[in-house]
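Student: The structure under discussion is supplied below as structure tokens; questions concerning it will follow.
The values are calculated or read from the model by the stated rules, or taken from the named source; none is laboratory data. Predicted, not measured: the structure shown is a model, and the values here were computed from it. Please note: Cβ atoms are built from the backbone with ideal geometry, for glycine as well, and neighbour counts cover all protein chains shown.
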């Protein structure tokens, strides 16, 4: 009998054995199902997030970069800044205007962000991101103005109390009432609604989060507290035909000259490209995925130990069967192959169920956070391989024990 026939026969035998012990088999594969489903759910969610990040960068354009006071992978505490950060000057509107006038630059403006509640009548939102920007908001962040208008030059210059609302927030606050021209409270300040904004369909808007409302930057600066270390930045887009490197060099020279830095002095500002933002989020999602894989590995280990225990019990309960097989000519290799394939089949079934459950949960969670991505095929193949490998590794000891049974003693076993 060749290897393929041997495997097929043993798989059929394993399935028959599993059918006769349904409850025991179900409990055994549960640990494998939990571990594999956790890995697959995390892989699906992480894949969706990464694809949304890439799509967002495509919306903003690969050439867009940001000027910040300091770039840190974790937000710095504004009340306990290290000295090297404190000595750096805050970004200013005058610096943004200087950059916008450079021949290499197509767009530059000072933006800021803070958190604020939106209130209209008795309806009050949760704290949401309030952005201070200008009419270039959609050019950088994507999305579109669906109703109304953006801010006039006069409103931007004087810091008028006007606001462009996120369309979904406006719907929750105003219901069927037309919000245009109405006044609501934005973080305690009365603001007239002049437009509704529909954001790009993604969960990532660098360098902040979901924008519930946009007001002129000067309005934000005059009436709200801004963390000027972490939430103040200048988005910059090079003019058509100008490379990112050339634009960054022009921005660096202009800011260094304005701040009076000497050749030996380090920059008192940071430039962040889209690639750096993508690398940062890839690192974050990679670490998140690694943690979840580590946690799910515990479940896989428990499942593997369960497989070993069940297979040890199976060897004991089938001692006479093993003796009969050896008596009619089965070799140690045949017996060992039988029990290894049985344990691999057990965990393989758990792996398949875990993949289906994990992908299902992953898709549901991804849809809930609007981060739908493609099915991670490589992780799917890896999950099946790992589940079968667990069966082989943890089934090795019971299989060796079965193979070493003396046929005479096995036949006498009651």
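Student: So if I check each of 245, 255, 278, which one is at pLDDT below 90, more than 30 Å from residue 38 (Cα to Cα) and either assigned to a helix (DSSP H, G or I) or in contact with a helix residue (DSSP H, G or I) (Cβ under 6 Å, 6 or more places away or on another chain) (or both)? Walk me through it before giving the result.
Tutor: Values: 255 fails: at pLDDT below 90; 278 fails: more than 30 Å from residue 38 (Cα to Cα).
Selected residue: 245, the only one of 245, 255, 278 that is at pLDDT below 90, more than 30 Å from residue 38 (Cα to Cα) and either assigned to a helix (DSSP H, G or I) or in contact with a helix residue (DSSP H, G or I) (Cβ under 6 Å, 6 or more places away or on another chain) (or both).
Student: Determine whether region 157-174 contains at least one residue that is touching a strand residue (DSSP E or B) at 6+ places or on another chain (Cβ under 6 Å), assigned to a helix (DSSP H, G or I) and under 22 Å from residue 97 (Cα atoms).
Tutor: no
Student: Name the residue that is farthest from residue 121 (Cα to Cα), counting only residues in region 162-192 that are touching a helix residue (DSSP H, G or I) at 6+ places or on another chain (Cβ under 7 Å) and either without any contact (Cβ under 8 Å) to a residue 60 or more places away in the chain or outside the structural domain of residue 121 (by TED's automatic domain parsing) (or both).
Tutor: Looking at the filtered set, the residue picked out is 162.
Student: Okay, next question. Looking at the structure I just gave you, is residue 371 surrounded by 21 or more Cβ atoms within 10 Å (Cβ to Cβ), at pLDDT below 70 and in contact with a helix residue (DSSP H, G or I) (Cβ under 7 Å, 6 or more places away or on another chain)?
Tutor: Working: surrounded by 21 or more Cβ atoms within 10 Å (Cβ to Cβ): yes; at pLDDT below 70: yes; in contact with a helix residue (DSSP H, G or I) (Cβ under 7 Å, 6 or more places away or on another chain): yes.
Yes: the conditions hold for residue 371.
Student: Within the bounds of region 293-307, is there any residue that is buried (at least 16 other Cβ atoms within 10 Å of the Cβ), in a loop (DSSP other than H, G, I, E, B) and modelled with pLDDT under 75?
Tutor: Taking region 293-307 as the starting set, the residues that turn out to be buried (at least 16 other Cβ atoms within 10 Å of the Cβ) are 293, 296, 299-300, 303-304, 306-307.
Checking the rest, the ones that are also in a loop (DSSP other than H, G, I, E, B) come to none.
Within region 293-307 (the criterion being buried (at least 16 other Cβ atoms within 10 Å of the Cβ), in a loop (DSSP other than H, G, I, E, B) and modelled with pLDDT under 75), the answer is no, since none of the residues qualifies.
Student: Please find, within region 217-238, the residue that is modelled with the highest pLDDT out of those that are out of contact with any helix residue (DSSP H, G or I) (no Cβ under 8 Å at 6 or more places or on another chain) and part of a loop (DSSP other than H, G, I, E, B).
Tutor: Among residues in region 217-238 that are out of contact with any helix residue (DSSP H, G or I) (no Cβ under 8 Å at 6 or more places or on another chain) and part of a loop (DSSP other than H, G, I, E, B), the one modelled with the highest pLDDT is 224.
Student: Quick check, is residue 107 more than 20 Å from residue 234 (Cβ to Cβ) and at pLDDT below 95? Give the steps one after another, and end with the answer.
Tutor: On the way: more than 20 Å from residue 234 (Cβ to Cβ): no; at pLDDT below 95: yes.
For residue 107, the condition - more than 20 Å from residue 234 (Cβ to Cβ) and at pLDDT below 95 - is not met.
Student: Next question, about the same structure. Residue 143 versus (1) modelled with pLDDT of 90 or more; (2) within 29 Å of residue 272 (Cβ to Cβ): which is the lone unmet condition?
Tutor: So residue 143 meets the others, but not (1).
Student: Consider residue 62 against the criteria (1) modelled with pLDDT under 70; (2) assigned to a helix (DSSP H, G or I); (3) closer than 27 Å to residue 139 by Cα: it satisfies all of them except one. Which criterion is unmet?
Tutor: Going through (1) modelled with pLDDT under 70; (2) assigned to a helix (DSSP H, G or I); (3) closer than 27 Å to residue 139 by Cα one by one, residue 62 breaks only (2).
Student: Taking the condition outside any helix (DSSP H, G or I), in contact with a strand residue (DSSP E or B) (Cβ under 6 Å, 6 or more places away or on another chain) and assigned by TED's automatic domain parsing to the domain that holds residue 254, does residue 126 pass?
Tutor: Working: outside any helix (DSSP H, G or I): yes; in contact with a strand residue (DSSP E or B) (Cβ under 6 Å, 6 or more places away or on another chain): no; assigned by TED's automatic domain parsing to the domain that holds residue 254: yes.
Taking the combined requirement at face value, the residue does not satisfy it.
Student: Mind listing just one residue for me: the one in region 65-80 that is within 22 Å of the chain's Cα centre (by Cα) and surrounded by fewer than 15 Cβ atoms within 10 Å (Cβ to Cβ) and, of those, modelled with the highest pLDDT?
Tutor: Applying the filter and picking the extreme gives 72.
Student: So, residue 33, is that one under 22 Å from residue 291 (Cβ atoms), at pLDDT 70 or above and not assigned by TED's automatic domain parsing to the domain that holds residue 216 or not?
Tutor: Answer is yes for this residue.
Student: Could you count how many residues in region 100-123 are surrounded by fewer than 17 Cβ atoms within 10 Å (Cβ to Cβ) and in a loop (DSSP other than H, G, I, E, B)?
Tutor: 5
Student: Moving on. Just to be sure before I move on: is residue 56 part of a helix (DSSP H, G or I), in contact with a strand residue (DSSP E or B) (Cβ under 9 Å, 6 or more places away or on another chain) and modelled with pLDDT under 70 in the structure I sent? Before you say what the answer is, go through the steps one by one.
Tutor: Values: part of a helix (DSSP H, G or I): yes; in contact with a strand residue (DSSP E or B) (Cβ under 9 Å, 6 or more places away or on another chain): yes; modelled with pLDDT under 70: yes.
Yes, satisfied.
Student: If residue 65 satisfies all but one of (1) farther than 21 Å from residue 269 by Cβ; (2) not assigned by TED's automatic domain parsing to the domain that holds residue 156, what's the number of the condition it fails?
Tutor: All conditions are met except number (1).
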